[in-house]
Amino acid sequence: MKYLVMVQGAQSDYEGMTGKSSPHSPAWSEEDLRAMFAFMSAVNDDLAESGELVDSQGLTEPAQARTVTAGPDGRPVVTDGPYGETKEVLAGYWVVDCESLERVTEIAIRVSQCPEPAGTPVRPVVIRPIQDGDGGEV
């Protein structure tokens, strides 16, 4: 069964990782960043070794995002940048192929234990089963 494991974030988290603190996120040190990247690399290595890793990626900050919607007349409306109403965004993900929901939950629990500086907001790790082309779970 394939699952998408998603890590949530916000623009303030990305700014904190560049050393800019805010009321919503502390500034990260170089040591904090190294610890986070080492942790994520270890997770990826372990999932690759077990044969469960299909793909994993971190995503750029929301300020680099673009949203495309249909306008009232059906023509596309393209908007750049972060949005005030958007509190959390997808920060990164894993696609894993696991035997069970219990196993992917173990993976998500491990991901949720990534080292972060004190004061970093707690962001959810979300698990979603991936549907196959027939609408069933893969």
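No value in this document is a laboratory result; all are computed from the given coordinates. These numbers come from a predicted model, not from an experiment. Every residue, glycine as well, gets a Cβ built from its backbone with ideal geometry; the counts of neighbours run over all protein chains shown.
Remarks
- Residues whose amide H falls under 5 Å from that of residue 65, counting only those 5 or more places apart or on a different chain, are 81, with hydrogens built in the peptide plane.
- For the range 15-20, 3J(HN,Hα) computed residue by residue from phi via the Karplus equation (6.51, -1.76, 1.60; θ = phi - 60°) reads 5, x, 5, 9, x, 9 Hz, glycine and proline entered as x.
- Estimated from helical segments only, the mean residue ellipticity of the chain at 222 nm is -9000 deg cm²/dmol, where each DSSP H run of four or more residues counts as -39500 (n - 2.57).
- Under 5 Å between amide hydrogens, built in the peptide plane, is the criterion, and for residue 92 it picks out 7, 59 among residues at least 5 positions away or on other chains.
- Among 21, 68, 6 the positive-end extreme of the charge dipole of the range 2-129 (Cβ point charges): 68
- Ranked list, fewest to most other Cβ atoms within 10 Å of each Cβ, for 14, 3, 93: 93, 14, 3
- Between the range 20-90 and the range 115-133, the Cα center-to-center distance that results, in Å: 11
- Calculated from backbone phi, Karplus (6.51, -1.76, 1.60) coupling profile of the range 45-62 in Hz, x at Gly/Pro: 4, 5, 5, 5, 5, 7, x, 8, 6, 9, 6, 8, 8, x, 10, 5, 4, x
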